[in-house]
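**Q** Take a look at the following structure, please.
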Amino acid sequence: MKNESLGLAEQPARNPDTGQHCFHKDPVRRQKPQKGARNHCRGVKCVVPQRKYHGDESEAVAQRRGRAAAAPGRRELREQGAGPGGHGWAPAVPEGSGGARDGPRPRQRASHRRPSLRQPCATSCRSRRMTWCLGSRHREVILPCTGQSSDRSRPLQTVMWTSWWLWPLVAVCTADQFRDEAERIMRGTPVIDGHNDLPWQLLTSFNNQLLAPGANLTTLAHTHTNIPKLKAGLVGGQFWSAYTPCDTQNKDAVRRTLEQIDVVQRMCQLYPETFLCVTSSKGIRQAFQEGKVASLVGVEGGHSIDSSLGVLRALYHLGMRYLTLTHSCNTPWADNWLVDTGEDKAQSQGLSSFGQSVVKEMNRLGVMIDLAHVSVATMKAALQLSKAPVIFSHSSARRLCDHRRNVPDDVLELVNRTGSLVMVNFYNDYVSCGAEATLSQVADHLDHIKKVAGPGAVGFGGDFDGVSRLPEGLEDVSKYPDLVAELLRRQWTEAEVRGALAENLLRVFEAVEQASDHTQTPEEKPIALDQLEASCRTTYGYSGAPSLHRPLGPLLASLAPLLFSLCLL
């Protein structure tokens, strides 16, 4: 008999103890058991044959076992009152047979409908290997068998197996289906993550020395990110954060920012088989085709430009493609999120006039405006002023976690109207407003943003290597397929998933590129001198500031009294 469901063409060997068939792909192992052997099924697949039990077969079984009386056939069973039940024929035990255990065991009644779940085979083997079939997927589970079962208890056992094992197995197989589907989608559309602080870890651990012992990105330990984890997570694009803390403001912020941009570029040079430094949406697509991680620079904090439009332009030419207007401190021209908590005082009421010039110059250059870390007033001012969509590179939904770093619903509505993007942060404090969080709660934030701002407004901004606590199930960058599988489980469409993975970010990036105009006259008016902290800076260029080239007339007038007194002497 050919077993189509298992895909095996060989003739099965029958277990003389149970009347069942044992299949094995290796014909060498499918040997006839020795007389009295009861565990010859071990290690092979036992299935209930899909045909009825015939009397001539029972006689053959009885002859092989050397019994004097043949087992009753199907008609005799009916005459004895054992009709078909929910789980098969119930045989009558002949007198003097020694019980159902000694007689040949009739096989399960075949169904005319092909069952969606194959019944587990109850054998006398010490272990039962059960095959469950869910659609086109097959799973095999080995269960312990503490003893032999009688025919009368088999229906009850089947119910028990169903009760205890069916739904967990269904859940496992279904989860695998979603995970496999997630990987299939991500191989065509890998994830672009909006914010990763690996460069900061390289600074604090190795002072940006990529050749230092332990700094190898293939074996890098104790970080959320390394090359094997990026590959396992199917990450195809990454905005690496060029971050410098707020205490560098008005000091060495520009120098520190340049060093962090430099370490990103050296990552691409040292690992060209993995990273491809790009500066455009076209470059991202090229990296996808080459199977590399498109590496872009996002500068985290407006203090990195030191209130200078010239520095802003220079950073653009060095590869910066988004600028976060503030970090957790005000700049002289924009307010940060701590203003909303009362910890900082508002200085610009959102954006000052110079802050508006910064936004306009970013539009002209083609730099994405990042509103993570800013106050609500700054969010609204930038969304209303910008000619291109903006991003929140690593922020979540405030409705689900009332943290001031998250985006409120009225701003999400502006995000929807402007075609902008919110890339959800995985930091526990922003996900659950507590020390613990789960992958499912991150998916809740994605669901909420999709509901309020639309499916085109959703992205991923994990903040890996920039936070101390991450949700269970999202411990590092390798876990992205699990999050995508959860979205599929929640009935996100494939188009919505691809949008969240990469296409929404690419759409925004392309819109920013189209809105740029390098032929337009750059913004030139500098920030007012009185808005700058002057303790560690010079004032060259500002009117009224000291100069090395003062006019000769005023200089002589100031020296006249001194010259007159010398003449009197």
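The values are calculated or read from the model by the stated rules, or taken from the named source; none is laboratory data. Values in this document were obtained by computation on a predicted structure and should not be read as measured data. Remember, those area values only see protein heavy atoms, side chains included, never the ligands or the DNA or RNA. Shrake-Rupley method; radii C 1.70, N 1.55, O 1.52, S 1.80 Å.
**Q** Based on the alpha carbons, how large is the Rg to Rh ratio for the range 434-491 when Rh follows Kirkwood?
**A** Numbers: Rg = 11.5 Å, Rh = 12.1 Å.
Expressed as Rg/Rh, it is 0.96.
**Q** Quick one: how many Å² of Phe206 are accessible to a 1.4 Å probe, rounded to 10?
**A** 40 Å²
**Q** So, for the range 191-515, what is the accessible surface per residue at a probe of 1.4 Å, expressed in square angstrom? It would help to have the intermediate numbers written out before the result.
**A** Working: 11220 Å² over 325 residues.
About 35 Å² of surface per residue is accessible.
**Q** Which entries in the list Lys229/Lys451; Lys229/Lys380; Lys380/Lys450; Lys251/Lys380; Lys450/Lys479; Lys380/Lys525 go over 26 Å, if you measure between the two C-alpha atoms of each? Kindly include the intermediate steps, with their values, before the conclusion.
**A** Working: Lys229/Lys451 31 Å; Lys229/Lys380 37 Å; Lys380/Lys450 19 Å; Lys251/Lys380 30 Å; Lys450/Lys479 21 Å; Lys380/Lys525 24 Å.
Going by Cα-Cα distance, Lys229/Lys451; Lys229/Lys380; Lys251/Lys380 fall outside the 26 Å limit.
**Q** Please provide three numbers in whole Å: the alpha-carbon extents of the range 378-522 along the principal axes, with the largest listed first.
**A** 50, 32, 28
**Q** Using only alpha carbon pairs under 8 Å that are at least six residues apart, calculate the relative contact order of the range 191-515 and give it in whole percent.
**A** Values: 686 pairs, mean separation 59.5, N = 325.
Reported as a whole number, the value is 18 percent.
**Q** Which order do Glu486, Glu436 take by accessible area at a 1.4 Å probe, largest first?
**A** On the way: Glu486 30, Glu436 145 Å².
In descending accessible area the options line up as Glu436, Glu486.
**Q** Same structure, new question: Give me the percent of accessible area attributable to carbon and sulfur for the range 191-515, probe 1.4 angstrom.
**A** Values: 5290 of 11220 Å².
Roughly 47 percent, rounded to a whole number.
**Q** Give the ranking of Thr539, Thr204 by solvent-accessible surface, highest area first, calculated with a 1.4 Å probe.
**A** Details: Thr539 35, Thr204 80 Å².
Result, largest first: Thr204, Thr539.
**Q** Right, here's the next one. Compute the whole-percent fraction of alpha carbon pairs in the range 191-515 spaced more than 31 Å apart. If you can, show how the numbers build up before the last one.
**A** On the way: 12000 of 52650 pairs.
Taking all Cα-Cα pairs of the range 191-515, the fraction more than 31 Å apart is 23 percent.
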